[in-house]
1. Among the residues in region 259-270, are any assigned by TED's automatic domain parsing to the domain that holds VAL171, within 30 Å of GLY144 (Cα to Cα), touching a helix residue (DSSP H, G or I) at 6+ places or on another chain (Cβ under 6 Å) and part of a helix (DSSP H, G or I)?
2. Being under 22 Å from ARG133 (Cβ atoms) and in a strand (DSSP E or B) is the filter here, so list the residues in region 271-288 that pass it.
3. Can you report the number of residues in region 151-175 which are of a type outside the set (Asp, Glu), at pLDDT 95 or above and in contact with a Leu (Cβ under 7 Å, 6 or more places away or on another chain)?
4. Evaluate the following for ALA127: is it buried (at least 18 other Cβ atoms within 10 Å of the Cβ), touching a strand residue (DSSP E or B) at 6+ places or on another chain (Cβ under 8 Å) and modelled with pLDDT of 85 or more?
5. Applying the selection to region 74-112, what residues are at pLDDT below 75, more than 20 Å from ALA49 (Cβ to Cβ) and not aliphatic (A, V, I, L, M)?
6. Pairs, please: C-beta under 8 Å, at least 6 apart or cross-chain, first residue of a type in the set (Gly, Ala, Ser) and in region 216-231, second part of a loop (DSSP other than H, G, I, E, B)?
Amino acid sequence: MSPREATRNASPAAAAARSPRSSAGSTLRTLDVRRMRVLREVAERGTIAAAARALAFTPSAVSQQLAALEREAGVALLDRQGGRVRLTEAGRRLVARTEAILAQLEAASAELAAAAADVTGDVHVAAFPSAERALLAPAVALLGRRHPDVRVRTTELEPEASLPALRLGDVDLAISHEDVSGPAPPDPRLERVDLLEDPLRVALPLGHPAAAGAVPLARLANERWVATPRGTACRAILEHACGKVGFAPEVPFHANDFGVLAAYVAAGLGVAMVPELALGAFGDGVVVRPVADVQVERRIYVSARRGGLERPALAAMVAALRDAR
């Protein structure tokens with residue numbers, strides 16, 4: 001039998017196994033979902049640097065993830081030109097399918113978890129420090145009493161890192177916050193449950209002349225401030241509030257730890273704006289007063305990937321967060 005006759009007489013299954021379509025299907029099954037999320041972020045933001053900032057990665061790490069995805073796919077996904085990147089036709093098709101793939105994975109996971117008679121499973125929660133102390137710790141204890149078979153892991157992350165980690169699939173839930181007067185636009189990839197609104201207070205050294213009562217921010221325009229670094233959510237709230245009354249705060253001292261900020265204030269090195277939820281870190285030597293001239297509040301909420309809250313373990317964790325407030 002000639003090679004041509006052998007090919008013509010082969011079974012349909014054997015022919016399909018040799019066809020490029022079958023090979024592409026085999027390749028698709030090897031694609032890493034996390035790397036697909038990275039590609040989607042690059043597609044949305046236009047540059048590797050912008051995607052890296054959004055994902056709290058280094059540009060090198062993003063490039064490595066994309067190179068690995070291209071090796072898995074067996075085709076070029078990006079056309080790199082200067083500082084910007086454009087998706088190839090194959091890249092555009094993959095990104096177009098990514099949202100549906102991720103949604104189906106979340107739905108499948110939720111359905112499997114819901115089929116169990118008891119609430120079980122693993123939940124990985126990211127939260128910023130003051131929420132960990134005041135909300136997450138008591139909620140995890142409450143969840144343990146209600147559903148002892150749910151296993152919880154926690155990671156301390158600020159909102160600017162926890163939401164990218166959630167989108168990438170590194171965590172299941174992210175406890176975040178936003179400025180009530182300047183909320184972020186909704187992310188269609190995520191769903192959220194609001195937990196509480198947390199007013200911010202002014203922290204002053206003992207004996208400060210403004211400490212007699214509620215403090216107008218405008219009165220502190222010439223003060224030095226201590227605050228979290230630029231790029232953090234709390235720093236953005238401070239700058240937004242001060243901008244409303246016409247000044248930009250001078251911030252020579254920075255720390256992410258509110259206990260450290262309290263020490264700077266107590267030493268007379270500056271004043272601070274502190275969420276009420278974090279006041280447990282402030283001890284002697286500091287006077288805390290409400291803000292008089294503008295409303296300054298942050299909204300604390302918990303987010304999951306869309307469809308994720310159908311998983312009983314995640315829903316139970318969110319219920320515990322709401323009940324433990």
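The values are calculated or read from the model by the stated rules, or taken from the named source; none is laboratory data. If you're wondering where the values come from, they're calculated on a predicted model, not measured in any experiment. Positions of Cβ are backbone-derived with ideal geometry, glycine not excepted, and every protein chain shown enters the neighbour counts.
1. Keep residues of region 259-270 that are assigned by TED's automatic domain parsing to the domain that holds VAL171, which gives none.
No, region 259-270 contains no residue that is assigned by TED's automatic domain parsing to the domain that holds VAL171, within 30 Å of GLY144 (Cα to Cα), touching a helix residue (DSSP H, G or I) at 6+ places or on another chain (Cβ under 6 Å) and part of a helix (DSSP H, G or I).
2. First, pick out the residues of region 271-288 that are under 22 Å from ARG133 (Cβ atoms): 272-288.
The answer is ALA272, MET273, VAL274, PRO275, VAL286, VAL287, VAL288.
3. Total satisfying the criteria: 5.
4. Numbers: buried (at least 18 other Cβ atoms within 10 Å of the Cβ): yes; touching a strand residue (DSSP E or B) at 6+ places or on another chain (Cβ under 8 Å): yes; modelled with pLDDT of 85 or more: yes.
Criteria met by ALA127.
5. Going residue by residue through region 74-112, those that are at pLDDT below 75 are 80-84, 99-112.
Then drop every residue that is not more than 20 Å from ALA49 (Cβ to Cβ), which leaves 99-112.
Within region 74-112, GLU99, GLN104, GLU106, SER109, GLU111 qualify.
6. ALA218/VAL245; ALA218/GLY246; ALA218/PHE247; ALA218/ASP293; ALA221/VAL245; ALA221/GLY246; ALA221/PHE247; ALA227/PRO249
Condition check ((1) in a helix (DSSP H, G or I); (2) in contact (Cβ under 8 Å) with a residue 12 or more places away in the chain) across all residues:
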{"position": "VAL38", "(1), (2)": "yes, yes"}
{"position": "ALA61", "(1), (2)": "yes, no"}
{"position": "GLN65", "(1), (2)": "yes, yes"}
{"position": "GLU70", "(1), (2)": "yes, no"}
{"position": "ARG80", "(1), (2)": "no, no"}
{"position": "ALA90", "(1), (2)": "yes, yes"}
{"position": "ARG93", "(1), (2)": "yes, no"}
{"position": "LEU102", "(1), (2)": "yes, yes"}
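Residues are listed down the side, and each one gets a yes or a no for (1) under 22 Å from the mean Cα position of the chain (by Cα); (2) surrounded by fewer than 22 Cβ atoms within 10 Å (Cβ to Cβ); (3) at positive phi:
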| position | (1), (2), (3) |
| --- | --- |
| LEU261 | no, no, no |
| GLY285 | no, yes, yes |
| VAL288 | no, yes, no |
| ASP293 | no, yes, no |
